[in-house]
Amino acid sequence: MKSYRSHIIGNICVTLLLSVFVRVNAAETWVTYFAAPNGSKVKVEGTSTLHDWIMESQIIGGKLEFESGFQLDPSLKPGRINARVQVSTPVRSLKSSKDSMDQVMQQAMKQDKFPKIEYRLTELVLKEAPKAPEGPYLFDSKGELTIAGTTNKIAMPVTILRVSPTRLKVSGATHVKMTEYGVTPPAPKIALGAIKTGDDIKILFDWVAVQRSETAKAAEKPQ
């Protein structure tokens, strides 16, 4: 009886170890694209009582992951895609043409406590696959945008363009209100008084991400 119990316990342990091994391997088979060191841009557009304004950054950090077996080609059928995205942009990296504007925006976005604008994807649905392998591929996306420590759910269309066998460019745009994130629209002071900034802003981005597996590195080398 003791030998039988030991045999059962041993089988259970083996089964548990195998299940853990399978889950770990499954996690490792996701295809990962990391933020490229250059080529990306995020832009924030807004209005004021004096003129429209723009702030830009060339820093978008993070990664994009597709489940193993996913192929970005015209044979891809419309529908939900298993993907994970987490990206961020330092608030301090957003620059306009005015230092005073940069400072008041950093203060309004509570940069000292919340130094990054962050985004996490929760759903990606392919609307249409193109005829050309490189794209662009049209998606509807849902995710969570965090600004100044406040997180809200957003939806926006995005496109993915295959720039090379190992390089993707993801583009999109969305409209939000600063007050939805606890940000008071700033009012920079000028010689004639104060400028009133509009609550509505538009966020646009082009994000370049590169696959960094050993195979991908070899494929990027000139022949």
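The values are calculated or read from the model by the stated rules, or taken from the named source; none is laboratory data. Keep in mind that what you see is a predicted model, and the values were worked out from it rather than measured. For neighbour counting, all protein chains shown are included, and Cβ atoms are generated from backbone atoms with ideal geometry for every residue, glycine included.
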> So, in the stretch 168-183, of the ones that are without any contact (Cβ under 8 Å) to a residue 40 or more places away in the chain and within 30 Å of R212 (Cα to Cα), which residue ends up surrounded by the fewest Cβ atoms within 10 Å (Cβ to Cβ)?
Replying inline: A173
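Out of everything in the stretch 26-57 that is among the polar types (S, T, N, Q), part of a loop (DSSP other than H, G, I, E, B) and surrounded by 15 or more Cβ atoms within 10 Å (Cβ to Cβ), what residue ends up being modelled with the lowest pLDDT?
Kept after step one, since they are among the polar types (S, T, N, Q), are these residues of the stretch 26-57: 29, 32, 38, 40, 47-49, 57.
With part of a loop (DSSP other than H, G, I, E, B) added as a condition, the list becomes 29, 38, 40, 47, 49.
When the remaining residues are screened for being surrounded by 15 or more Cβ atoms within 10 Å (Cβ to Cβ), the result is 40, 47.
Numbers: S40: 98, T47: 91.
My answer is T47.
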>> When the residues of the stretch 177-212 are narrowed to those that are out of contact with any strand residue (DSSP E or B) (no Cβ under 8 Å at 6 or more places or on another chain) and small (G, A, S), which ends up modelled with the highest pLDDT?
In response: A194
> Which of the residues belonging to the stretch 58-74 are in contact (Cβ under 8 Å) with a residue 60 or more places away in the chain and over 16 Å from the mean Cα position of the chain (by Cα)?
Replying inline: L72, D73
> Which residues, counting only those in the stretch 74-105, are assigned to a loop (DSSP other than H, G, I, E, B), closer than 18 Å to K116 by Cα and not aliphatic (A, V, I, L, M)?
Replying inline: S96
>> Condition first: in contact (Cβ under 8 Å) with a residue 60 or more places away in the chain and more than 22 Å from E45 (Cβ to Cβ). Can you find one or more residues in the stretch 151-165 that meet it?
In response: yes
>> Return the pair list, or none, for Cβ contacts closer than 6 Å from residues in the stretch 33-46 that are more than 23 Å from L72 (Cα to Cα) to residues that are hydroxyl-bearing (S, T, Y) and at pLDDT 95 or above, at least 6 apart or on different chains.
In response: V42/S57; V42/T89
> If you check R92, R80, R23, R84, which single one turns out to be more than 30 Å from S164 (Cα to Cα) and at pLDDT 95 or above?
Replying inline: R92
> All but one of (1) more than 21 Å from G61 (Cα to Cα); (2) without any contact (Cβ under 8 Å) to a residue 12 or more places away in the chain; (3) among the acidic types (D, E) hold for D112; which doesn't?
Replying inline: (1)
> Mind checking which residues of the stretch 62-111 are under 12 Å from V31 (Cβ atoms) and in contact with a helix residue (DSSP H, G or I) (Cβ under 8 Å, 6 or more places away or on another chain)?
Replying inline: S68
